[in-house]
Amino acid sequence: MRDDDGKLRPSWRELFGQLGADGLARLNEKSSFLARQIRDNGITYNVYADENGPARPWSLDLMPLLIDDADRNTIRAGVAQRASCLNAAMADAYGEQRALREGLLPPALLQGHPDFLQPMAGYRPPGDIWLHMIAFDLARSPDGRWWIVSQRTQAPSGAGYVLENRITISRTLADPFRNMNVRRLADFYSQLLDTLHQVAPGSGSGAGAWRSAYIALLTPGPYNETYFEHAYLARYLGISLVQGSDLVVRDCKLYIKTLDGLEPVDVLFRRLDDVWCDPLELRPDSTLSIPGLIEAVRAGNVTLANALDSGWLESPGLMGFLPGLSKALTGSELLLHSLPSWWCGERGALEQILPRLDQTVIKRTYSAAGFKAVISAALDDEAREHWAAQIRKDPSAYTVQEYLPLSQMPVWNGSFLASRAVMLRVFAVADGRGGYRVLLGGLGRIARDDQNIVAMQRGGSNVDAWVLAPEPQHSLKLSEMMHAQEARDIRNARRTVSSRAAENLFWLGRNTERSLNSVQTARVLISRLSSDNRAFSAPLIRVLTKLADYQGLLPAGAAAKIRSAADMEQALLRGLLPRQVGAESEAPNRAAEGGEHAPARSVDLGSVIGRNLSQLVGSAGQIRDRLSPDHWRLITSVYAKWQTAFLALSAAPDSPEAQDHLDRVRWELAAIAGAQMDQMTRDTGWRVMSAGRKIERLATVSQSLRIFFAEPEALDEMGMELLIALADSLIIYRATYQRRMEVMPVVDLLVLPPDNPRSIHGILGGLMHDLSHLPPTGGDEANGLACLPPCSNPAGLSLKALAACEPEGGYAVLLAQLEAWHHAALACSDAVGLRYFSHAGVDYRMAL
């Protein structure tokens, strides 16, 4: 921020001028606005991929990292040249291996590297582009020079966060961003998308030829540290987000499993490290991979971006050999240098560096999970000697780099501007013409407190990097940079729904409905039982016991011991607590210590409501890229509210406050259901989710009616009112029939009307409508209606035949129909899974 004389540099002087005279006084207000945007947009970073922990909110500081045009030119030229050098090194490693023959590179750093993959020997990617996107970590030394500290070539992360940082900070510091000529980012991502299309097998060179390529972004899944950016980047680029389980190799071709069957994939933009990609030829224990992927790549039927086997380029041991490689392979001297590095596998380097460990940083030569760089310069003599001994034991396993005190930038800590160490991650993308385009900005990464190591896992943060131009910049959007499409192409464009996404959408719908049913049953029964136990007859107690037991609301074995309404109430309240937890349990205390944001799995919410909500969160977490931020917040919020309700029920199960908490959980679930209706595009994925909700509702309503009508003596005034209340239809009943509770109106309301979304007829009609919109699969001419087994249509049934007989007759016709509808719901669920999720028994006719 300051020059050698302690004066503000011009760019920082302009920034503070743009903030105004009271700018610093308003920074807390802007910081709050920034935090609110991060929360509302659901930006997360999962530290160490802890699947048992909550997603950590993305850490973004308010102040931008300012880079003037002179530094920008230095970085752009040096990074582009370095990227071309690395791409040439990849081509040489799998081609002539000139670097090995001429002694430019020790064999141990290539052939001895565990990430050098022999299965890729002899392979050449389309356009000779091995590295489609590369990331470089840069640091600035006290003399103002930029140095490359490391490079990421397998699956470089951060490009999605760069976009989100820019959008968030440009809204928070709107006036400075608009007035300081900050260079835009959109053309970089346009180039990335163009490059991915250009390298598709058989893409051709004619105008518009690239549009037919199917591109997917491969993610390890929602528990990966940077899953948010995978989803964000896929959404921004307009490509499919897939996991390994979405893909299958048939006849050396890669396909994605979709609701329409198998569709060929041309380009896989991967965010998965090399060794996890194919269990047949790489790590056999990988559950994230696609069996046969390497075979499909070697056959030239799919392009990986980046190409496999680029992990060896990330070794710090390579840094000291890159100047010679660049001159030999590209004919040019490196413009931007790496930090001085010594690979200890060379005797001369080892002897030279051991006496100088007090000025260095020790790193692993080969990738090793969990190893952190050791700042030897900060160690005492004893610790330094320990590391010297470790290096002498296995010299080739270690690389030593010169210690560089990182340059500092200002961050706002809530009271004043503090100083933090900063590094810059810059991205380069192949331009398809033998060169690389560099992102005009990047990801500014800052260390925590007074540390000199920048890492998110160590509590670091991020800043937006502003490259300042001398002239005003036009506001560019990705849509303006992309190739023009004809109107028919835009109209015909649709979003592919993978089978995995469809299955999670299906269970999102079912778990939403199931959670609503269980909460509604619990709150209605607790409310009625606690208000007047004397109103319940013995037959009604038996029916309610069967109903609660069917929905899993009672503890195991409790149903057989219930004899009275008081027994029923106590059993129901015990059923809402964890199965193994008694009054003296510490589980509620553990939940309280976790607080509102305690992870879902950290507390054993063993009741059926807790399990249903946990499954709801799990299904939604797998398809976050398809949910709006508001929808996702509602889903995580309802679990937090259930934890609060759980604690209240544990403390005083029959208190009005506990019942109020149940009401709040139900309201949240109703809001989730509303978001599913109003905030999601009604594509085939939405149809699957909607069908899941209706299947669950059909099973629950038909079974509830069966339980009641199987014991006619329970259908007294109280029993029928409870039945209608459980179906959440009391207001409809009173507005429609305006009379006391009677059997025929109850049947008429809950079975026959097609316009009641909670009647059997209404549910079946909606289900058939959703299934009719599902596509045929694998050449089958039948759509999703084939999943619904034959069952009588309620429109053809007589109210008199269903309910007019005497109770002694046992309502045989109605019970038979209810049993048929219940079995139809279960059979339809199985058929949808076999037909659209597992594709079992389908004879695929795959277009070549």
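The values are calculated or read from the model by the stated rules, or taken from the named source; none is laboratory data. Values in this document were obtained by computation on a predicted structure and should not be read as measured data. Glycine also receives a Cβ, built like all others from the backbone with ideal geometry; neighbour counts cover every protein chain displayed. Calculation scope for accessible area: heavy atoms of the full protein, side chains included, ligands and nucleic acids excluded. Shrake-Rupley method; radii C 1.70, N 1.55, O 1.52, S 1.80 Å.
Only Lys, Arg, Asp and Glu carry charge here, each on its Cβ (+1 for the first two, -1 for the last two); on that basis the stretch 153-272 has a dipole of about 220 debye about its Cα centre.
Give the relative contact order (percent, whole number) for the chain; include only Cα pairs under 8 Å separated by 6+ residues. Let's see the in-between values first.
Values: 1433 pairs, mean separation 116.3, N = 848.
Relative contact order for the chain comes out at 14 percent.
Within the straight-line cut-off of under 17 Å between alpha carbons, the lysines reachable from Lys561 are Lys546, sequence neighbours fewer than 8 places apart in one chain being disregarded.
Taking the longest Cα principal axis of the chain as reference, the axis of helix 499-531 is set at about 50 degrees. Put a plus charge on the Cβ of each Lys and Arg, a minus charge on the Cβ of each Asp and Glu, and nothing anywhere else: the dipole of the stretch 351-418 about its Cα centre is then about 300 debye. In terms of the Cα gyration tensor, with a ≥ b ≥ c the square roots of its eigenvalues, is the stretch 115-202 rounded because a/c is under 1.5, prolate because a/b exceeds b/c, or oblate? Oblate, since a/c reaches 1.5 and b/c is not below a/b.
Computed over the chain, the per-residue total of -39500 (n - 2.57) for DSSP H runs of n ≥ 4 gives a 222 nm mean residue ellipticity of -13500 deg cm²/dmol, rounded to 500. Note on Asp128: accessible area is roughly 60 Å² with a 1.4 Å probe, heavy atoms of protein only.
How would you classify the stretch 224-339 from its alpha-carbon gyration tensor, with a ≥ b ≥ c the square roots of the eigenvalues: rounded for a/c under 1.5, else prolate if a/b is greater than b/c, otherwise oblate? Please report the intermediate quantities before stating the final value.
On the way: a/c = 2.19, a/b = 1.86, b/c = 1.18.
In terms of gyration-tensor shape, prolate.
For semi-axes √(5λ) of the Cα gyration tensor in Å, the value computed from the atomic coordinates appears in the list [x] 79, 34, 28; [y] 58, 32, 25; [z] 50, 40, 34 under label [y].
State whether the stretch 118-270 is rounded, prolate or oblate according to the following rule on the C-alpha gyration tensor (a ≥ b ≥ c being the square roots of its eigenvalues): a/c under 1.5 gives rounded; otherwise a/b larger than b/c gives prolate, and the remaining case gives oblate.
Numbers: a/c = 1.84, a/b = 1.59, b/c = 1.16.
Here the stretch 118-270 falls in the prolate category.
With the charge dipole of the stretch 341-410 set up from +1 on Lys and Arg Cβ and -1 on Asp and Glu Cβ about the Cα centre, the Cα lying farthest toward the positive end among the listed residues Gly345, Ser376, Leu404 is that of Gly345. Relative to the first principal axis of the alpha-carbon coordinates of the chain, what is the inclination of helix 381-393, with its axis defined by its Cα atoms, in degrees from 0 to 90 and to the nearest 10? Compared with the principal axis, the helix lies near 90 degrees. Accessible surface computed residue by residue for the chain, with neighbouring protein chains in place and a 1.4 Å probe, gives 41 Å² per residue.
In straight-distance terms, cross-link reach from Lys363 covers every one of the aspartates and glutamates whose alpha-carbon lies under 16 Å from its own, apart from those fewer than eight places away in the same chain; here that gives Asp137, Glu314, Glu346, Glu385, Asp394, Glu402.
Over all other residues within a Cβ to Cβ distance under 10 Å of Tyr94, the charged ones net out to -2, with Lys and Arg as +1 and Asp and Glu as -1. Placing unit charges on the Cβ atoms of the charged side chains and taking the dipole of the stretch 656-730 about its Cα centre, the candidate lying farthest along the positive direction among Gln676, Ala699, Val665 is Gln676.
Close amide-amide hydrogen proximity is noted between Ala465 and Leu65, Gly442, Gly444, each under 5 Å apart and 5 or more residues distant or on a separate chain (H modeled in the peptide plane; Pro and chain starts excluded).
Determine the dipole magnitude for the chain: charges of +1 sit on the beta-carbon of Lys and Arg, -1 on that of Asp and Glu, nothing else is charged, the reference point is the Cα centre, and the result goes in debye to the nearest 20.
Numbers: 87 positive and 95 negative charges, 161 e Å.
Dipole of the chain, to the nearest 20 debye: 780 debye.
Lys and Arg at +1, Asp and Glu at -1: add these up for the other residues within a Cβ distance under 12 Å of Pro410 and post the number. My count for the surroundings of Pro410 gives +2.
In the chain, taking the dipole from charged Cβ atoms about the Cα centre, the farthest positive-side position among Gln817, Ser564, Thr330 is held by Thr330.
Counting Lys and Arg as +1 and Asp and Glu as -1, what is the net charge of the other residues whose Cβ lies under 14 Å from the Cβ of Pro757?
Taking every other residue near Pro757 into account, the sum is -1.
The alpha-carbon of Lys694 sits under 16 angstrom from the alpha-carbons of these aspartates and glutamates, leaving out residues fewer than 8 places away in its chain: Glu503, Glu513, Asp728, Asp755, Asp770, Asp830.
Only Cα pairs under 8 Å and 6+ residues apart enter the sum, and on that basis the relative contact order of the stretch 730-792 stands at 15 percent.
Heavy-atom accessible surface of Met63, to the nearest 10 Å², is about 0 Å², with a 1.4 Å probe and all protein chains retained.
Count the DSSP beta bridges whose two residues both fall in the chain, then state the antiparallel fraction as a percent rounded to the nearest 5.
Antiparallel bridges: around 75 percent, rounded to the nearest 5.
Couplings for the stretch 610-623, taken from phi via the Karplus curve 6.51 cos²θ - 1.76 cosθ + 1.60 with θ = phi - 60°, read x, 5, 4, 5, 4, 5, 4, 4, x, 4, 5, x, 6, 10 Hz in order; Gly and Pro are left as x. By DSSP, what percent of the beta bridges with both residues in the stretch 216-262 are antiparallel, rounded to the nearest 5? Counting only bridges with both partners in the stretch 216-262, antiparallel ones make up about 65 percent.
Accessible surface of Tyr436, taken over heavy atoms with a 1.4 Å probe and every protein chain present, rounds to 30 Å².
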